[in-house]
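Encoded as structure tokens, the structure appears first; notes follow it.
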Amino acid sequence: MLDDVTTIGDATNLQSRQGSLTIAEAAEETELRRHAVARGTKLPLDRLTEALALSAFEVEAVLLCAAVELDRSYERIYGYILDDLNRRYPCVELLCSLTAETVSERAERRHALGPAGTLRRSGVLRTFGEAATGLRQELRLAPGLMEFLTGNAGDITSLFQDLAAVPLPVSFADAPLPAEIDPKTIERLGMAMRDGRVGVLGVWGPRQSGHREIAIAIAVAASLPLRRSILSEMLLQSNGYEQRIAESLQTSAALGAILWIDTDALTGPGSEALQNAGVQLASYLAGARAPIILTGTRPWRPTELLKAQPYAQLEIQAPDFSARQAMWERAFPEVTGEQRQDLASRFRLTTEELSAVARMAITQACVAENGERQVSEQLEAACDAVTRKHTYHFATVVKPRRGPADLILPKHLHNQVIEIARFHKTWPRVAEAWGFGRMLTGEGGIKALFTGMSGTGKTLAAEVIAYELNMALLKIDLSRIVSKWVGETERNLERAFSEAEDSNAVLFFDEADSLFGKRGEVRHGVDRYANLEVSYLLQRLENYYGLVILASNLRENIDPAFTRRFQVVLHFTKPEPAERIRIWRIAFPENAPLNDDIDFEILSQLDMTGASIVNAAQTAALLALESARGASDASTPQNGAVITRAHVVRGVARQYQREARLLTPSELGPYAAILEEAK
């Protein structure tokens, strides 16, 4: 066989090496396809070819790379053809030259095997090892592809796709644009980018303002493909982001596509460390041949870029209350006006997220109760799933389980807590529809401050508010937020606020005075940075449109600049006997084996907070179970356990000890003798 193989020689004297199937081979291939059709499927190679629209040469390249995995004899053949027995695997030179008939065809094939080619972009072929030149670069099949091509069960063609390519609708009329955006403006920008009159377009605005939808609509208007480069992922690459950026630009230019880059990674707080990355990116973009769309919540406009490229920008706003109502009405015409207003006030979703909600709600309605439930009944769960789509780095997610009946407070204070949930629902109408929001410097969502000593119900009140709103409660973990490194605390806070915005959740800061404390006189270098953190928090709090609740034991420790920004300030005091007796009753669940001899009237006279009462009740239950276990040899001693007043008194005594307080017999009244026995 090697006698019939010619080594790759002078490119100017290339002759066709294209082979053809024998009659028997062609018949066997036809028979295979007939069997596949009879089984309602296609051959694996045909499925891969159709999925990626591969050309005849690209199919040939896949087969040549598969050959060495089928039979090692091909290694010697490839080495002989390349006139180098140390090169036994398919490389760019071999694949380009083996069946090429002309020099121009060889050049076209080299482009097809480059980073911008379908096989490399989709991951079907991957580079292997380091090569001195591009021609010597070896290529291998992606892991698992050989098994698929040889008939292994399953279809992995979905794994081979160009992840950077953004799917586009067929026509501009099908492009989902935010309601506030003028379609004619988008069409003009698209044509300007196609003609080269605009080389870089900046789209700046809140996350919910539709960055993705606008980028897609502009690409459709320009009749150009759209590719996305995720800068935050590039910056995390250990092997250097410069090469990834350069490859993205080169691929976009080769495909005649628009490159879309989100610049938020460069403009957030604490981004000074990324300054060099921004300078490098600006340098690359300044010389780019592909049109660029930059998006971000904050503008990123380096002078070098604006000087080198024709630049235009589009500053956008998040959809207002009326626009959000219209979005819900278009997506779900069957939704009532009241439900539409409620959803629009609580959720700020992009058009893409709303489509995901619709898809999930329809699916859930089909499988729930034999498909008889309406789609509108599934919207709450769908919104919750779509908005809470990721894990949280700086917050703990609390799914509210306790409602207003579990919150024991004086009546006037209880009503004010529940009012906060109603305020949050109605605020968009007051601020946007009635115009009260124009007097505010930021988005102006509801901000509430809870003060009072520990255990008086501040955290529970925040959970009850989230329960009333049917929203998640994001409890900020200050141990993850605060950093000793300059600028890192602000950066972490920005990510925490962003997580809450994306999740449409209630944001809760416990022990808030550690972050929102008073700014002091600058005497040391660290004082200046501490003041900067507080100043940043003031600005970010103003710009957060959602519901924020802060809890602090000492109101006087909160910076006055913060307190002026709260619409609601509530002070939680220790419960009075009337509240304490109600807390004692709900502290023991209905299923708890509670003895009838316990007098809650006596217990309510003890000066305890709600949290202390709950802890004492739990300790009493543990003591009762332990007593039953010690008195019985049964395999399930807990069946005979009963919580008596002796257990409750001992639980109270231990709670007093934890709080470094002295429980005197006079406070227990008739239960004083039990306390003496416990000693």
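The values are calculated or read from the model by the stated rules, or taken from the named source; none is laboratory data. Note that the structure is predicted; figures quoted are calculated from it, not measured. Ideal geometry is used to build each Cβ from the backbone, glycine not excepted, and the neighbour counts take in all protein chains shown. Side chains are part of the model used for accessible areas, which takes the heavy atoms of the whole protein and leaves out ligands, DNA and RNA. Shrake-Rupley method; radii C 1.70, N 1.55, O 1.52, S 1.80 Å.
Before moving on, here are some points about what is shown:
- In this structure the range 45-142 gives 48 Å² per residue of accessible area when probed at 1.4 Å with all protein chains present.
- The range 156-228: C-alpha gyration tensor shape, a/c 1.5 cut-off, then a/b vs b/c: prolate
- Split the accessible area of the range 324-368 by element, probe 1.4 Å, and carbon with sulfur accounts for 53%.
- For the range 126-259, the direction-averaged projected area of the alpha-carbon convex hull comes to 11.8 nm².
- Global form of the range 63-127, assessed from the alpha-carbon gyration tensor, a/c cut-off 1.5: oblate
- Checking the Cα-Cα distances for Lys399/Lys458; Lys399/Lys574; Lys411/Lys458; Lys399/Lys475; Lys411/Lys475 against a 20 Å cut-off, the pairs over it are Lys399/Lys574; Lys411/Lys475.
- Coarse-grained scattering of the range 314-403 at q = 0.13 Å⁻¹, given as base-10 log I(q)/I(0) from a Debye sum over alpha-carbon atoms: -0.50
- Global geometry of the range 29-187, whether rounded, prolate or oblate, following the gyration tensor of its Cα atoms and the 1.5 cut on a/c: oblate
- With a simple spin-label model that places each label point 7 Å from the Cα along the Cα-to-Cβ direction, the separation between Ala165 and Gln317 comes to 3.9 nm.
- Its Cα centre serving as origin, the range 50-160 has a Cβ charge dipole (Lys and Arg +1, Asp and Glu -1) of approximately 300 debye.
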